[in-house]
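J.: Take a look at this one; I'll ask things after.
The values are calculated or read from the model by the stated rules, or taken from the named source; none is laboratory data. This one's a predicted model, so the numbers in the text were calculated from it and none came from an experiment. Heads up, the Cβs are rebuilt from the backbone with ideal geometry, glycines too, and the neighbour counts pull from every protein chain shown. Side chains are part of the model used for accessible areas, which takes the heavy atoms of the whole protein and leaves out ligands, DNA and RNA. Shrake-Rupley method; radii C 1.70, N 1.55, O 1.52, S 1.80 Å.
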Amino acid sequence: MAGTDKNRDRALLASGDELAALLHHADAEVLVALLDNPALEETQLCMLLERKNLPAEILEEVARRKPLLKNYRVKRALAFHPRTPRLVTLRLLRDLYLMDLVQLTLLPGIPTELKRNAEDQLVSRLPQLPLGQKITLARRGPARLAGALLAEGHAQIVTIVLDNAYLTEAQVLRALSREKLPPVVVRAISQHRKWSITYNVRLALVRHPSSPLATVLAYLPELTVSDLRELASPGIVSESLRKYLEAEVQRRIRAREKPARKADTPGPAAASNQD
């Protein structure tokens with residue numbers, strides 16, 4: 001106990017190398033005392049926050065001290081620490097810079113709630129961002145942000161965001177579910193080397209009113225009969241396209257019936273035996 005008191009007193013007054021050494025101390029009381037040391041600088045505090053084994057109570061203590069949170073580096077280090085309490089991180093998200101928010105969403109193992117809230121922050125900032133930043137986000141942003149950028153339909157962004165490694169099929173399908181999606185987006189998806197050959201995306205393109213007819217007709221032979229029949233139901237696609245869908249269904253039926261008829265027709269030997 002006396003040793004802890006002595007170290008705590010040292011932490012309150014230490015400076016230089018002694019203070020730097022105390023940043024790695026295991027006792028939480030000593031680390032709290034360090035926070036009260038007037039010689040503790042921003043760089044040293046950030047070094048302390050880089051400790052992955054830092055007790056949660058120290059992180060909570062830093063979060064409670066508003067003067068410490070006036071420094072952006074401290075705020076960022078606290079938000080990125082894996083042991084920072086969830087509510088503290090949620091509170092810090094709105095203050096993080098754009099690319100720091102992006103980096104946070106891409107951290108492995110980030111809790112789903114934090115990831116979603118960070119993505120919400122990013123999506124809410126999109127309308128105010130200049131084109132250059134949107135292009136950067138289109139290249140490196142997380143899935144939901146990429147999907148939101150795709151739906152905006154900026155001609156300079158669409159082809160870039162479709163190549164985003166984090167863009168998911170779900171986000172592409174969500175964009176295609178919008179009836180008023182800019183035609184440039186529909187065309188870009190239908191021509192993309194990855195998304196244009198994805199079965200569910202092809203289905204969504206057939207449904208979308210802005211899809212080029214030539215593209216849609218090229219997809220029909222690849223679709224299942226059950227999907228063709230569903231798409232041909234009233235009210236899903238235009239009447240003119242329905243005719244093509246129904247014709248494709250009939251073509252498939254006839255193609256299946258032809259081998260069956262041949263199998264039922266007796267050959268020359270069988271006909272001779274019947275005579």
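Every residue, every condition in (1) open to solvent by less than 70 Å² (accessible area, probe 1.4 Å); (2) of a type outside the set (Ser, Thr, Tyr); (3) out of contact with any helix residue (DSSP H, G or I) (no Cβ under 9 Å at 6 or more places or on another chain), yes or no:
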residue: Glu57; (1), (2), (3): no, yes, no
residue: Thr89; (1), (2), (3): yes, no, no
residue: Leu104; (1), (2), (3): yes, yes, no
residue: Asn117; (1), (2), (3): yes, yes, no
residue: Val123; (1), (2), (3): yes, yes, no
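J.: Between residues in the range 131-150 that are in a helix (DSSP H, G or I) and open to solvent by less than 50 Å² (accessible area, probe 1.4 Å) and residues that are of a type in the set (S, T, N, Q) and at pLDDT below 95, which pairs lie under 7 Å by C-beta distance while being six or more apart or on different chains?
T.: Short answer, once both residue conditions are applied: Ile135/Gln156.
J.: Please go through the range 151-171 and pick out each residue that is within 17 Å of Leu205 (Cα to Cα), open to solvent by 40 Å² or more (accessible area, probe 1.4 Å) and either touching a His at 6+ places or on another chain (Cβ under 9 Å) or in a loop (DSSP other than H, G, I, E, B) (or both).
T.: Answer for the range 151-171, where residues must be within 17 Å of Leu205 (Cα to Cα), open to solvent by 40 Å² or more (accessible area, probe 1.4 Å) and either touching a His at 6+ places or on another chain (Cβ under 9 Å) or in a loop (DSSP other than H, G, I, E, B) (or both): Thr159, Thr168.
J.: Restricting to the range 56-114, name every residue that is over 26 Å from the mean Cα position of the chain (by Cα) and either more than 24 Å from Glu29 (Cα to Cα) or of a type in the set (S, T, N, Q) (or both). First the steps, then the outcome.
T.: Keep residues of the range 56-114 that are over 26 Å from the mean Cα position of the chain (by Cα), which gives 56-71, 74.
Scanning the range 56-114 gives a single hit, Asn71.
J.: Further, regarding this structure: Determine if the range 180-193 includes at least one residue that is open to solvent by 70 Å² or more (accessible area, probe 1.4 Å), closer than 27 Å to Arg116 by Cα and free of Cβ contacts under 8 Å to residues at least 12 places away in the same chain.
T.: Among the residues of the range 180-193, at least one is open to solvent by 70 Å² or more (accessible area, probe 1.4 Å), closer than 27 Å to Arg116 by Cα and free of Cβ contacts under 8 Å to residues at least 12 places away in the same chain, which makes the answer yes.
J.: List the residue pairs whose Cβ atoms are under 8 Å apart, where the first residue sits in the range 26-53 and is closer than 15 Å to Val74 by Cα and open to solvent by less than 70 Å² (accessible area, probe 1.4 Å), the second is in a helix (DSSP H, G or I) and of a type in the set (Asp, Glu), and the two are 6 or more positions apart or on different chains.
T.: Leu35/Glu61
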